[in-house]
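Reviewing the structure listed below.
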There are 4 protein chains.
Amino acid sequence: MVLTTSAAGVYVICPTPFRSDGSLDLASTDRMVEAFLNAGATGLTILGIMGEAPKLAAEESFSYAKQVLAAVSGRVPVIVGVSAAGFAAMSALSRKVMDAGAAGVMIAPPSTLRTDDQIVSYFADAVEAIGPNVPFVIQDYPLVTNVVMTPKVIMRIIEENPSCVMLKHEDWPGLDKITTLRRASDQGQVRRVSILCGNGGLFLPFEMERGADGAMTGYAYPEMLVGVVNLIKAGKRTEAHDLFDRHLPLVRYETQPSLGLAVRKYVLKRRGIIVSETLRKPGPKLSPETIADIEWMMERIERS
Amino acid sequence: MVLTTSAAGVYVICPTPFRSDGSLDLASTDRMVEAFLNAGATGLTILGIMGEAPKLAAEESFSYAKQVLAAVSGRVPVIVGVSAAGFAAMSALSRKVMDAGAAGVMIAPPSTLRTDDQIVSYFADAVEAIGPNVPFVIQDYPLVTNVVMTPKVIMRIIEENPSCVMLKHEDWPGLDKITTLRRASDQGQVRRVSILCGNGGLFLPFEMERGADGAMTGYAYPEMLVGVVNLIKAGKRTEAHDLFDRHLPLVRYETQPSLGLAVRKYVLKRRGIIVSETLRKPGPKLSPETIADIEWMMERIERS
Amino acid sequence: MVLTTSAAGVYVICPTPFRSDGSLDLASTDRMVEAFLNAGATGLTILGIMGEAPKLAAEESFSYAKQVLAAVSGRVPVIVGVSAAGFAAMSALSRKVMDAGAAGVMIAPPSTLRTDDQIVSYFADAVEAIGPNVPFVIQDYPLVTNVVMTPKVIMRIIEENPSCVMLKHEDWPGLDKITTLRRASDQGQVRRVSILCGNGGLFLPFEMERGADGAMTGYAYPEMLVGVVNLIKAGKRTEAHDLFDRHLPLVRYETQPSLGLAVRKYVLKRRGIIVSETLRKPGPKLSPETIADIEWMMERIERS
Amino acid sequence: MVLTTSAAGVYVICPTPFRSDGSLDLASTDRMVEAFLNAGATGLTILGIMGEAPKLAAEESFSYAKQVLAAVSGRVPVIVGVSAAGFAAMSALSRKVMDAGAAGVMIAPPSTLRTDDQIVSYFADAVEAIGPNVPFVIQDYPLVTNVVMTPKVIMRIIEENPSCVMLKHEDWPGLDKITTLRRASDQGQVRRVSILCGNGGLFLPFEMERGADGAMTGYAYPEMLVGVVNLIKAGKRTEAHDLFDRHLPLVRYETQPSLGLAVRKYVLKRRGIIVSETLRKPGPKLSPETIADIEWMMERIERS
């Protein structure tokens, strides 16, 4: 199973489940994979920023990836985040996970990059590191990476690297960027790649309307993401927004930097999907007041 | 009219209206002041970050402040942002606007500050610059200022500066910070000051429940902010969240950095409050697609 | 006297002299101007980052500029820094100082700029703000501005704005950038503008050898900068480096961020040029140990 | 051999030698170790920022560390940089290198830390990760880490963690910080730890005079660092500064971010110590003009 430019739907960003003592929780991992596939995920993404990838030792990253790949067992494509401080680590992880059955890899640029040419060069070097045959995703997430890529820069990366098959879009604001990129590919100015959107889904219905192919993000009720994508594709705009807006209070709550992941894990625990909301250090702990907020929102969502 | 620690309700952050050629629009200013007071504002705040203050020349800032103060004419307190690259400019603007009838000033720390002591010292120096009798507001907005203030640091500033009367809270995540600060003042560990919340109101009902006294933020329908604050104070939790959640799609759209202000101005124009959505350069222009998004959300809000 | 692309020699960056109470010291200003002209300055630059410009109120900036212009009285060109948080303030200051006799203005890009196109647009907007007939200098100082300009971006700004007459170069590392830009102008790929170098002169002899036209920087013994520029132009490489290397210990000590300016002012005071080493708050104070270090270096320089 | 608070002299920061194809060069590693010990190094530090540690894969880091430890063979203590994006990786590397004979580890705080308490907590968590019996060095390098530690914060870390044995000081400006810390330990306000200074040695003689115990830094002629430390300790101030100032032009040239390391490797190659000046990507290449600059400086140093 290889990632291609026609990827669409919802690629759920998987959190990495830990037991309350901080150790990898591989049993929860299996259950989580089933839950996400049952919710309608068309792909999974692991070891991204929201997967606490930097908090795993090199061997742990690989164990976790193997576990997910085994659980998925070829039912959907799995994308693995291989962003690293250096190309040697990126190359090593990429080789291992592709050998183990990953469909492609995702690369976020390091925060030191500034100029257009630096960004373009970085992706050329990254492709050299992972090899020209590994399909890869550009992660465009300036709020976290502090790297701003214009549509022009993204198009240069797409044109210069045939193995680039997808843009993970999470610029903010970013809707006009989707419009610009889709117009460019429609008019033949650039090769068409898949665009899946992140940012916790905060703008998902509008992103679909601008021409995105789906979402690649996490949310504690991924079936909502799937529902919205399908409703928009079916032309049911009002129903899509109605569904989305019902969840928006919790989506908004999950977008809080760092705390949001703990919130998401808490809801996944409450839904019986993972056994602990633990984040590895350094990471926040939920206060009783925050837990009360979450319960309030869950009740309002599940009641409707 | 002097700002005190008992300030509460909704202090609306005023955008600065410009004509389409970029010049100050003082006629719209008067109309906007009336609209915000009619919506139930208990105070106004001008020349903040969302007021495009850094884009005004020194004389323009003062003309605009005088116009707002004249239009308000003592009906509610007016807070003026006096954050500046240096204390001489801060002191000069502060003196002028206080003489002209402002109720207090608001100060955001410069992005160069890092350590706890640097932040505390900065506010001591700022108080020396504006004078010890001018009531002032601490603006805690790390997403924009890049300055992180712990509750401990905020309490030091409050304790060391008797003229500190308010915290404008827009840390993100920030709910537990409100809980911590309110617990500390309830237990007598720190003088109680007013806490008004910003961040475009994105967490307003929860902020009220944590002990905030109200909001200081902008939104194109400020009557919603007023409604939510009043409903929470009246103990009508469900009604407060229902009202808030109806507006949340647009609130969320307005939180987009830089673009959000153009969105807010567009809605204010559509509601007949100002004549142009123009932002001064450098600033975004709304695309037709973005305008269509806004119209869609306005229709859904106004229908309900 | 109008700044042109043939500017060369040493444009001394003037600190702004304050009395020990922090007020502007206009008497020292006159004496400093004479001292710098006697040292061989071919131009002066005021209200730059090292001139504590952001710490001056708008009226003070203009008073100080008028004082310098009057003291210089047309003997050399004076460049005025007009970098500002917004174009309205930039436009206002630029108009005033050009009317008062400045030869040109200097503009540093704001730290929010990231992409190549943002930087190019910013300078286009700035030229619109100051007017197309005001000669201007691009300040390229990434250590402070956090804006990285490639040679390509600088060349675009030069080509698109005929009123651009100079690059103030203080990238770090930056020697190869001079080589690249000079090669490009020699080969007719871009209009030739003056390149004067900053960074406290830390690389001055090498910068001259790469094709710079001189220095625009501050140092407590500006006659050394003049000497090095003249010796290199006269082909006396060894003598130039010998002279420079004798001063390098103090040049190095002056490059310490923020503290360096206090060091420079202390030496200027010791040399009888200004009456106080005071920096406006927030700014460092020299410890007795630091003063002892400076005295040690002065003695070694002056003995040789 | 265990690192203690009485460490002194010159701990040379080792670059990681690569062949021109970018592979680890273990033969050069052995030769480099001998050269540095012959130059008078009292310790070595590997896998620091200047060792291109983030560009090595996990297994490479460990191979390189083993090679150095074997070459040193207990003659001097070896400190290993274990800074990592997460504690799992830090813990894994720390355990491996301590088992292999390292004398201690060095930890730089991640750039996300802002408040005093965040920094103190981070080191507490790091000590939990590496274990309480592993001697560790605080790396205080705000220019690169963007984390500013006051003397008070450093003292809290020292007091709360008995296994902290050394401060690697490279704040800038930083001389008064040494004075403050030494005064505090002399007056019994804080446990005395070793202070070794970095920053390419740019302020070495003054740092020794302020109370530092030596240097932990890299320079292409480490015998100069050793000479300066010994002369200062012998009370020969003038000779120490004379020796240092002769090298200062090249020291200054080596402090250029990123390029400086390529310069250092070039000189080490020219001196027959390593076989290639190659940096791993992304990294600069030396231009012919830069090589000519270096040769000029080498000639002036070696002649004198």
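Things to note:
- Annotation: aspartates and glutamates with alpha-carbon distance below 12 angstrom to residue D:285 (same-chain offsets under eight excluded): C:176, D:277.
- Bridgeable aspartates and glutamates around residue B:96 (alpha carbons under 18 Å apart, same-chain partners fewer than 8 residues away excluded): B:59, B:60, B:128, C:59, C:60.
- Value of D in µm² per second that Stokes-Einstein yields for chain A, Kirkwood Rh from Cα pairs, at 4 °C (1.567 mPa s): 67 µm²/s
- Quarter of the Cα convex hull surface for region C:49-117, i.e. its orientation-mean projected area (nm²): 5.3 nm²
- Amide proton proximity set for residue A:215, modelled H, under 5 Å, gap of 5+: A:9, A:10, A:11, A:197
- For residue B:285, the label point sits 7 Å beyond Cα toward Cβ; its separations from the matching points on the remaining copies run 4.2, 5.4, 5.4 nm, from shortest to longest.
- What separates the residue B:26 label point from its copies, with the point 7 Å along Cα to Cβ, is 3.1, 7.5, 8.0 nm, written shortest first.
- Mean shadow area of region A:186-304, taken as a quarter of the surface of its Cα convex hull (nm²): 8.9 nm²
- Counting only aspartates and glutamates at least 8 places from residue A:168 when in the same chain, those with an alpha carbon closer than 13 Å to its own are A:140, A:207, A:213.
- When the C-alpha to C-alpha distance is required to be over 26 Å, the pairs from A:66/A:269; B:177/B:236; C:233/D:281 that qualify are C:233/D:281.
- Zero-based 10 Å bins, Cα pair distances in the protein assembly as shown, whole percents: 2, 9, 17, 22, 22, 17, 9, 2, 0
- Taking the DSSP beta bridges with both ends in region D:9-303, the antiparallel portion is around 5 percent.
- Over region C:63-182, equivalent-ellipsoid semi-axes from the Cα gyration tensor in Å: 25, 16, 13
- With 0.36 nm allotted per residue and the present C-alpha distance subtracted, the residue A:234-residue A:27 stretch has 70.9 nm of extension available.
- Computed from backbone phi, the HN-Hα couplings of region A:108-114 come to 9, x, x, 5, 7, 6, 10 Hz, rounded to whole numbers (Karplus: 6.51 cos²θ - 1.76 cosθ + 1.60, θ = phi - 60°; Gly and Pro given as x).
- Projecting 7 Å from Cα along the Cα-to-Cβ direction, the label point of residue D:302 sits 3.9, 7.7, 8.1 nm from its equivalents in the other copies, listed shortest first.
- Neighbourhood net charge (12 Å Cβ-Cβ; Lys/Arg +1, Asp/Glu -1) for residue C:185: +1
- Here the 3J(HN,Hα) profile of region C:229-243, calculated from phi with Karplus coefficients 6.51, -1.76 and 1.60 at θ = phi - 60°, is 4, 5, 5, 5, 4, 7, x, 8, 5, 4, 4, 4, 5, 4, 4 Hz, Gly and Pro shown as x.
- Distance between region D:138-203 and region A:243-304 - C-alpha centres, whole angstrom: 40 Å
- Residue-count net charge about residue A:239 - beta-carbon cut-off 15 Å; Lys, Arg +1, Asp, Glu -1: +1
We did not get these values from a lab; they are worked out from the coordinates using the rules stated. Small disclaimer: the values here were computed from a predicted structure and weren't measured. Neighbour counts are summed over all protein chains in view; Cβ atoms, including those assigned to glycine, are modelled from backbone coordinates with ideal geometry.
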